[in-house]
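Okay, structure first, notes after.
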Amino acid sequence: MDISVVIPLYNEEESLPELYAWIQRVMKANGFSYEVIFVDDGSTDRSFDVIRKLADDDPEHIRAASFRRNYGKSPALNTGFGMARGNVVITMDADLQDSPDEIPELYRMITEDGYDLVSGYKKKRYDPLSKTIPTKLFNATARKVSGIRNLHDFNCGLKAYRRAVVKHIEVYGDMHRYIPYLAKLAGFSRIGEKVVHHQARKYGKTKFGLDRFVNGYLDLMTLWFTGKFGRKPMHLFGLLGSFMFVLGFIAVALVGILKLYAMNHGQHYILVTDSPYFYLSLVLMLLGSQLFLAGFIGELVVRNSPKRNDYEIEETIDLTSKD
Ligand code: UDP
Ligand code: MG
């Protein structure tokens with residue numbers, strides 16, 4: 001099968017028939033073999049009834065799953081990724097903001113240009129300013145932290161993947177915003193971008209508020225930390241801890257030595273506990289030891305994780321005779 005289209009949705013009953021008819025048209029015109037996987041993220045409207053109806057009319061091409069409650073876009077995507085059988089997997093939002101007309105070119109970029117992942121770029125956006133301005137900042141930060149310099153729009157719902165990518169990454173929590181970063185951390189580094197058409201939301205309303213930016217920032221920090229130090233937490237905490245401890249130790253020693261020196265030379269001196277540096281040093285040494293301990297605890301957690309030696313082996317060579 002050429003293409004799996006994965007569509008996460010939450011209360012999008014009005015858009016679904018129109019969206020599916022459009023996808024069907026594009027697939028037919030290009031002669032793709034395909035499936036469309038709807039993942040209903042616990043909708044409370046009639047979305048899943050609509051999907052049931054669509055599947056009755058076109059059983060060959062539609063598969064669907066529905067959550068009992070609303071878990072979020074990432075769990076919905078992850079479920080769709082698990083189900084997908086096509087060589088190229090394309091995700092798109094259900095609200096008709098993404099255009100199915102982009103599918104053929106995205107497919108071509110994966111199969112011919114050799115990309116692992118191609119992300120849409122909503123260069124001209126039809127969203128309120130309150131969303132587009134923070135988004136610019138969000139993307140600049142994500143580019144910097146992830147090191148994926150060529151992406152302008154990490155969170156675009158329209159993306160295409162080589163099949164292996166979706167089978168090897170795990171999207172959880174709210175991590176759908178950083179799928180390119182997840183892919184990069186899993187070793188899929190050929191990441192491209194395609195400018196895509198974007199439309200204003202036709203039906204229903206957006207499911208995400210401004211808290212997305214706070215949570216998005218925290219998630220980015222989490223990914224940065226787990227990506228860099230997930231298997232060796234001591235390298236971060238130990239370094240910071242040692243640095244603070246040593247700094248505090250030197251400072252407190254200096255306070256003591258200076259006092260002793262002044263005392264022995266008959267100069268004016270103050271009690272060690274009267275010096276503000278004494279207290280700063282105490283704080284530094286305490287925090288330093290705490291960080292160091294956090295590192296040790298982190299190492300114990302890693303040591304007990306069944307995944308600590310889980311690596312992605314892309315290919316092996318073993319030509320020895322097998323007897
Ligand atoms: N969505 C979902 N679960 C949620 C929230 C959203 O599956 O908890 C789906 C939603 O139905 C849509 C896509 O994720 O298909 C993008 O959501 P939305 O259009 O609200 O986001 P925006 O375009 O405003 O960024
Ligand atoms: Mg939308």
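Hydrodynamic radius of the range 220-263 by the Kirkwood approach over all distinct alpha-carbon pairs: 12.7 Å.
For the chain, a simple Cβ point-charge model (Lys and Arg +1, Asp and Glu -1, everything else neutral) yields a dipole of about 960 debye relative to the Cα centre.
The range 230-256 and the range 78-101 have Cα centres lying 48 Å from one another.
Students often check this: by mean Cβ neighbours within 10 Å, which of 301-313, 282-294, 162-174 ranks highest, and how do the rest follow?
On the way: 301-313: 9.0, 282-294: 15.8, 162-174: 17.8.
Output ranking for 301-313, 282-294, 162-174: 162-174, 282-294, 301-313.
Note on exposure: 224, 22 ranked by accessible area (1.4 Å probe, complete protein assembly) read 224, 22, with the most exposed listed first. Each residue of the range 195-207 is assigned a 3J(HN,Hα), and the resulting list reads 5, 10, 6, 10, 10, 5, 5, 8, 10, x, 9, 5, 9 Hz, derived from the Karplus form 6.51 cos²θ - 1.76 cosθ + 1.60 (θ = phi - 60°), x at Gly and Pro. Summing +1 for each Lys or Arg and -1 for each Asp or Glu among the other residues whose beta-carbon sits under 13 angstrom from that of residue 133 gives +2. Please say if the range 164-323 is rounded, prolate or oblate, where rounded means a/c under 1.5 for a ≥ b ≥ c the square roots of the C-alpha gyration tensor eigenvalues, and otherwise the choice is prolate for a/b larger than b/c and oblate otherwise? Oblate is the answer for the range 164-323, as a/c is 1.5 or above yet b/c matches or exceeds a/b. Computed log10 I(q)/I(0) for the range 266-323 at 0.25, 0.27, 0.30, 0.31 Å⁻¹: -1.01, -1.05, -1.12, -1.14, from the Debye equation with unit scatterers placed on every C-alpha and solvent omitted.
If you build the Cα gyration tensor of the range 47-160 and take the root of 5 times each eigenvalue, what three semi-axes come out, in whole angstrom, biggest first?
Working: eigenvalues 150, 71, 41 Å².
Working through the eigenvalues yields semi-axes of 27, 19, 14 Å.
May I ask you to give the solvent-accessible area per residue for the range 132-202, in square angstrom, as obtained with a 1.4 angstrom probe?
Details: 3240 Å² over 71 residues.
Per-residue value: 46 Å².
Remark on the range 134-237: Rg and Dmax equal 14.7, 50 Å (Cα only). Ignoring ligands, DNA and RNA, what percent of the 1.4 Å accessible area of the chain is carbon and sulfur? Of the solvent-accessible surface of the chain, carbon and sulfur hold 59 percent.
Can you classify the range 79-141 as rounded, prolate or oblate using the Cα gyration tensor, where a ≥ b ≥ c are the square roots of its eigenvalues, rounded means a/c under 1.5, and otherwise it's prolate if a/b beats b/c and oblate if not? Here the range 79-141 falls in the prolate category. When all protein chains stay in place and ligands, DNA and RNA are ignored, the 1.4 Å accessible-area order of 221, 109, largest first, is 221, 109. Ligands, DNA and RNA excluded, the heavy atoms of residue 232 present near 90 Å² of accessible surface to a 1.4 Å solvent probe.
Taking all Cα pairs closer than 8 Å and separated by 6 or more residues, the relative contact order of the chain comes to 17 percent. Scanning the chain for long hydrophobic helices, with DSSP H runs required to stretch 30 angstrom or more by C-alpha along their axis and to average at least -1.0 on the Kyte-Doolittle scale, returns 234-264, 276-303.
For the residue pairs 123/205; 131/194; 167/194; 28/167; 123/228, the C-alpha atoms sit more than 25 angstrom apart in 28/167; 123/228.
Remark on residue 5: its backbone amide H falls under 5 Å from those of 35, 36, 37, 90, a criterion applied only to residues 5 or more positions apart or on other chains, H modelled at 1.01 Å from N. GNM on the chain, alpha-carbon springs under 10 angstrom: the most fluctuating residue among 128, 233, 75 is 128.
Using every Cα-Cα pair within the range 116-160, state what percent have a distance larger than 15 Å. Write out the running numbers ahead of the final one.
Values: 425 of 990 pairs.
Cα-Cα pairs of the range 116-160 separated by over 15 Å account for 43 percent.
For the range 31-97, the solvent-accessible area works out to 43 Å² per residue, with a probe of 1.4 Å and every protein chain left in place. The spread of Cα positions in the chain, taken along each principal axis and listed from longest to shortest, comes to 98, 67, 37 Å.
The values are calculated or read from the model by the stated rules, or taken from the named source; none is laboratory data. The structure presented is a predicted model; accordingly, all values stated were derived computationally and were not measured. Heads up, the Cβs are rebuilt from the backbone with ideal geometry, glycines too, and the neighbour counts pull from every protein chain shown. Areas reflect the complete protein model, heavy atoms only, side chains present, ligands, DNA and RNA absent. Shrake-Rupley method; radii C 1.70, N 1.55, O 1.52, S 1.80 Å.
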